[in-house]
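Notes follow once the structure below has been shown.
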Amino acid sequence: MIIMSNLESWFSLSTLLWLFPAVFMVHDLEEIITVESCMKRIASLQLRRVPKLLAPMVTRLTGITTAQFAAAVLLEFIVFLPITYVAAEKGIYYLFLSCNTIMFLHVFTHLGQSILLGRYTPGVITSVLVITPYSLVLFYRLLDQRIVSIGEVLWSIPAGLLVVPLVMSGFRLGKLLAPGKEPGGVSR
């Protein structure tokens with residue numbers, strides 16, 4: 001763990017916590033840039049390969065526009081800022097831990113999608129190259145400094161699932177603020 005102890009001298013815990021919004025945005029910028037064009041290209045492939053239970057969700061996402069996705073990201077970002085502030089400045093970590101645990105687990109969703117489809121999917125690159133190393137360093141520091149326990153990390157998963165309705169609300173907000181176009185130019 002020499003690498004991890006060297007990182008401790010480079011980043012204070014507060015700095016590491018404040019990196020969360022930046023890591024989130026780097027990842028989501030990859031998705032914002034690629035989601036609309038990529039979803040159009042792989043929509044039929046996805047529907048053939050995903051489990052039937054997930055097909056309705058995939059169908060809803062295949063028509064998402066860049067603006068709609070960006071609105072969802074903005075809503076999440078607005079919520080994540082005060083959560084990060086409370087962790088970094090007040091030392092209250094539970095919601096922050098929940099958001100980061102879910103973000104780390106979400107890496108495996110991106111990897112699974114790419115493996116299932118046999119191709120690039122939006123967000124997979126930054127999941128592997130940005131979220132994974134950040135999460136490993138973050139969890140190492142929080143556990144090593146006994147700020148949280150492994151039990152608290154595990155218990156943070158159910159609370160982190162509260163991010164899912166936030167994302168879905170963001171998509172609904174995006175559709176209201178930036179309605180898409182049906183084929184032929186008709187607004188939805």
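Quick rundown of the values:
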read-out: Estimated FRET transfer efficiency when R0 is 25 angstrom, pair Leu161-Lys40 (beta carbons, to 0.05); value: 0.30
read-out: Three-way shape label, region 93-180, alpha-carbon gyration tensor, a/c 1.5; value: oblate
read-out: Region 131-154 and region 68-112: distance between their alpha carbon centers, rounded to Å; value: 14
read-out: With DNA, RNA and ligands ignored, accessible area of Glu152 (1.4 Å probe; Å², nearest 10); value: 80
read-out: Accessible area in the full protein assembly, largest first, 1.4 Å probe, for Ser98, Ser14; value: Ser14, Ser98
read-out: Per residue, in Å², the accessible surface of region 73-188 once ligands and nucleic acids are set aside, probe 1.4 Å; value: 54
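The values are calculated or read from the model by the stated rules, or taken from the named source; none is laboratory data. Being a predicted model, the structure only gives us computed values, none of them experimental. FYI the Cβ positions are ideal-geometry reconstructions off the backbone, even for glycines, and counts take in every protein chain you see. Just so you know, the surface numbers come from the protein's heavy atoms only, side chains and all, with ligands and any DNA or RNA stripped out. Shrake-Rupley method; radii C 1.70, N 1.55, O 1.52, S 1.80 Å.
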